[in-house]
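The numbers here are math on the coordinates, done by the rules we state, and not lab data. Since the model is a prediction, treat every value here as computed from it, not as a measurement. In this analysis, Cβ positions are derived from the backbone assuming ideal geometry, glycine residues included, and neighbour counts consider all displayed protein chains.
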Amino acid sequence: MTAGSVERFYDFHPINARQILDAVAARGIGADAITEEVLQQHDQDHYGGTAATDRLIVEAGVRAEDVVLDVCSGMGGPARYLAWKTGCDVTGVDITASRVEGAIELTRLAGLSGSVRFVRGSALAMPFRDASFTLAIAQESFAHVPDKPRLLAECARVLRPAGRLVFSDILHRGNLSAQDKRELFSGMTFSDIATAEGYVEQLRRCGMEVVRLVDLTQEWTRILVERLAMYRSLESQTVARLGREHFERYDRAYEHFVGLYQSGVLAGALIHSRKADAAARAGRN
Ligand SMILES: C[S@@+](CC[C@H](N)C(=O)[O-])C[C@H]1O[C@@H](n2cnc3c(N)ncnc32)[C@H](O)[C@@H]1O
């Protein structure tokens with residue numbers, strides 16, 4: 001799957017900045033009354049909304065002093081929520097220009113541009129100096145990124161010693177057929193679906209130790225069934241905006257994806273890992 005197809009997928013995603021602003025306006029809230037509390041009910045493009053981001057905040061022990069990178073930040077929902085909730089500073093990076101533009105606009109409307117910023121870039125070659133961040137996060141994005149060893153090495157590179165990488169991702173259990181993989185790659189623009197064991201091993205090779213792995217499979221299966229129903233409830237809006245063929249193609253791909261959770265082929269987890277610090281490394285040598 002090429003980077004261009006992921007960008008097209010997100011350019012035409014049923015949830016986008018325009019749809020969020022329409023949903024806010026439908027609640028009778030004008031642009032000048034938009035706050036983070038208003039946006040956070042609409043702008044989290046991962047499973048479980050702000051409750052999932054709260055779990056990540058607790059797992060990562062986010063503090064006001066943290067300098068956070070949101071890898072594949074989308075419309076910026078988690079980045080804004082982290083800064084608003086904890087007072088930390090957040091930078092988001094995303095490959096899709098329309099997502100970055102939407103994230104900047106929503107952040108400006110929420111009055112958070114002082115502590116939350118977004119740049120366009122690939123997670124495989126991030127435009128940041130070594131050791132820039134104390135924490136990197138990602139939610140339901142890494143399945144789109146084709147080269148996990150390089151992705152994790154990039155995350156480790158931009159983290160300071162003892163920095164944390166805490167992310168949730170779509171996984172498989174080792175029984176993903178070639179046909180299902182092809183359908184997922186073309187329908188959902190995934191590029192590489194990892195296993196939990198694969199992540200643990202690749203993180204270790206990048207000098208990252210896994211602190212904890214929380215299995216989210218059951219919870220995500222329930223959420224995904226609800227998401228499919230939610231996308232279907234937006235049928236008339238999506239057809240009006242993007243056409244019937246687009247709606248039906250997305251619907252088929254999503255139904256297949258949800259089916260793989262229901263049949264136990266796909267899984268999900270929150271993985272908390274930590275970069276070795278220089279003192280600990282020296283002690284071992
Ligand atoms: C499911 S969205 C998640 C957004 C965000 N984490 C959230 O929870 O709201 C996945 C995002 O990953 C981005 N993405 C996919 N491949 C990428 C890559 N190689 N580098 C940077 N961003 C990428 C997409 O553009 C999209 O915005």
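Only Cα pairs under 8 Å and 6+ residues apart enter the sum, and on that basis the relative contact order of region 1-146 stands at 26 percent.
Within region 18-151, the proportion of C-alpha pairs whose separation exceeds 20 Å stands at 42%. With equal scatterers on the alpha carbons only and no solvent term, can you work out the Debye log10 of I(q)/I(0) for region 146-205 at 0.19 1/Å? After summing over all Cα pairs, the log10 values are -0.77.
The tail of the calculated P(r) for region 75-144, taken as Cα-Cα distances beyond 15 Å, holds 52 percent of the pairs. Hey, which aspartates and glutamates would be in cross-link range of LYS85, C-alpha to C-alpha under 13 Å, not counting anything within fewer than 8 residues on its own chain? Cα-Cα hits under 13 Å: GLU36, GLU37, ASP54, GLU65, ASP66. Residue order for MET126, MET208, MET230, fewest other beta carbons within 10 angstrom first, comes to MET230, MET126, MET208. Considering every alpha-carbon pair of region 126-285, the percent of pairs per 5 Å bin, from zero through the bin containing the longest distance, is 2, 8, 16, 18, 16, 13, 11, 8, 5, 2, 1, 1, 0. Whole angstrom only: what separates the Cα centroid of region 75-90 from the Cα centroid of region 133-199? Between the Cα centres of region 75-90 and region 133-199 lies a distance of 22 Å.
Within region 73-142, the trypsin sites (Lys or Arg not before Pro) that combine a DSSP coil assignment with at most 13 other C-beta atoms in a 10 angstrom radius are ARG129.
By the beta-carbon count within 10 Å of each Cβ, the least crowded to most crowded order of SER168, SER186, SER236, fewest first, is SER236, SER186, SER168.
Can you list the lysines whose alpha carbon is less than 19 Å from that of LYS148, not counting same-chain residues fewer than 8 positions off? Straight-distance partners of LYS148: LYS181, LYS275. Taking one quarter of the surface of the C-alpha convex hull of the chain gives a mean projected area of 14.5 nm².
Contact order, relative form, for the chain: 19 percent (alpha carbon pairs under 8 Å, 6 or more residues apart, mean separation divided by residue count).
Evaluated at q = 0.21, 0.29 Å⁻¹, the base-10 log of the normalised Debye intensity for region 30-94, with identical point scatterers placed on the Cα atoms, takes the values -0.85, -1.41.
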